[in-house]
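The values are calculated or read from the model by the stated rules, or taken from the named source; none is laboratory data. In this text the structure is predicted, and so the values were computed from the model without any measurement. Backbone-built Cβ (ideal geometry, glycine too); neighbour counts: all protein chains shown.
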Amino acid sequence: MNKKFIFIGNRFFVLEQMLRLGLHFVKIMAVKGSYLQKELENRNIAFTLIQSKQQLVDEIKNCNFDIFFSNGCPFILPIDELKVGNKQFINIHPSFLPDLRGADPQPGALLFGKDSGVTCHVMDDGIDTGEIIAQVKIPYSRDLDAALLYQISFMAEIDVFYKAYENNFEVQTTQVLKGDEIYYSKKDNDLIIDFNQSAEIIYQKIKAFSNRSQGAYFIFEGRKYKVYDCEIVDNDYLISKFDRCQNGEVALNYENKLLIKVEDKLLKFKDFNNDILSFKAGMVLENKNEVDKKRLNI
């Protein structure tokens, strides 16, 4: 392919394949503080460090290229202003567009129980709204958590890149809205475990933010407890033993796990950021998060 590329992103997986193919790069750019920056430094690959949207816009304007390729760029770019002549602007987004546009599609897929995926699409002035070049779907299943879905998405990004490459990055279809699509960028409140919500919602919330850099949490006696893993217990005998527990009550504390009554179910919390020895059976985890958040300045 006799095209001149420039690349901007925060991860290396797709770029590595592009380099293996021997594509002609005019410039490689990495978001400051990203995994891509570290990987390029370790491999002694020349690159430009991008610290702001304006810097990126200036770099694009000053480059002679055919295809601008984005994979993990945090900036919304003025594409109509930058698109001169036959220049192509292409992005890889980690969702099955048009569903789950926005900054956090993988947590969104788990939070709402939706299929995930990866889409290679034309960039326009909207957010993830351009025509589709290639797609890979990742079906939702309850055994997925955020950390695993991120890894699967990285694999799918490579697959979707090769599909797009084999099609010479030509548009295959437009985005067709069905009416049930969502846009998702996480808010801090999305990570708060509310024991007045259903067991299913709490389960999905913990799975959606299970990676170590996030973590759904509750606050108890001024301390923040992140929960990285959870199960819904469906053993009828065990449920019957704790049928008189209040909502949010600790039923058992054993081997660094908490069994908590939520509605008519039991949730097994496991893998915490803090020690849980102080939790005793009979304690009720009330929803004082907003008051405690102000006290902790979080």
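Quick notes on this structure:
- Options 77, 100: the member that is touching a helix residue (DSSP H, G or I) at 6+ places or on another chain (Cβ under 9 Å), at positive phi, surrounded by 19 or more Cβ atoms within 10 Å (Cβ to Cβ) and not β-branched (Val, Ile, Thr): 100
- The condition (being at pLDDT 95 or above and farther than 17 Å from residue 271 by Cβ) is satisfied by just one residue among 228, 217, 237: 237.
- The set of residues from the range 163-193 being farther than 21 Å from residue 67 by Cα, among the aliphatic types (A, V, I, L, M) and in a loop (DSSP other than H, G, I, E, B) comprises 176, 177, 182, 193.
- Qualifying residue in the range 45-59 (condition: modelled with pLDDT of 95 or more, within 21 Å of residue 157 (Cα to Cα) and out of contact with any Leu (no Cβ under 7 Å at 6 or more places or on another chain)): no
- Sole exception among (1) in the same structural domain as residue 226 (by TED's automatic domain parsing); (2) of a type outside the set (Lys, Arg); (3) closer than 26 Å to residue 21 by Cα for residue 192, by number: (3)
- Any hit, the range 18-36, residues being aliphatic (A, V, I, L, M), surrounded by fewer than 22 Cβ atoms within 10 Å (Cβ to Cβ) and under 30 Å from residue 176 (Cβ atoms): yes
- Selection from the range 241-278 of residues that are touching a helix residue (DSSP H, G or I) at 6+ places or on another chain (Cβ under 8 Å) and either among the charged types (D, E, K, R) or not assigned by TED's automatic domain parsing to the domain that holds residue 213 (or both): 263, 264, 265
- Total residues in the range 180-199, condition surrounded by 14 or more Cβ atoms within 10 Å (Cβ to Cβ) and under 20 Å from residue 232 (Cβ atoms): 8
- Residue match in the range 270-283 (condition: touching a residue at least 60 places away in the same chain (Cβ under 8 Å), within 21 Å of residue 207 (Cβ to Cβ) and hydrophobic (A, V, I, L, M, F, W, C)): no
- Boolean, residue 167 is among the polar types (S, T, N, Q) and closer than 30 Å to residue 284 by Cβ: no
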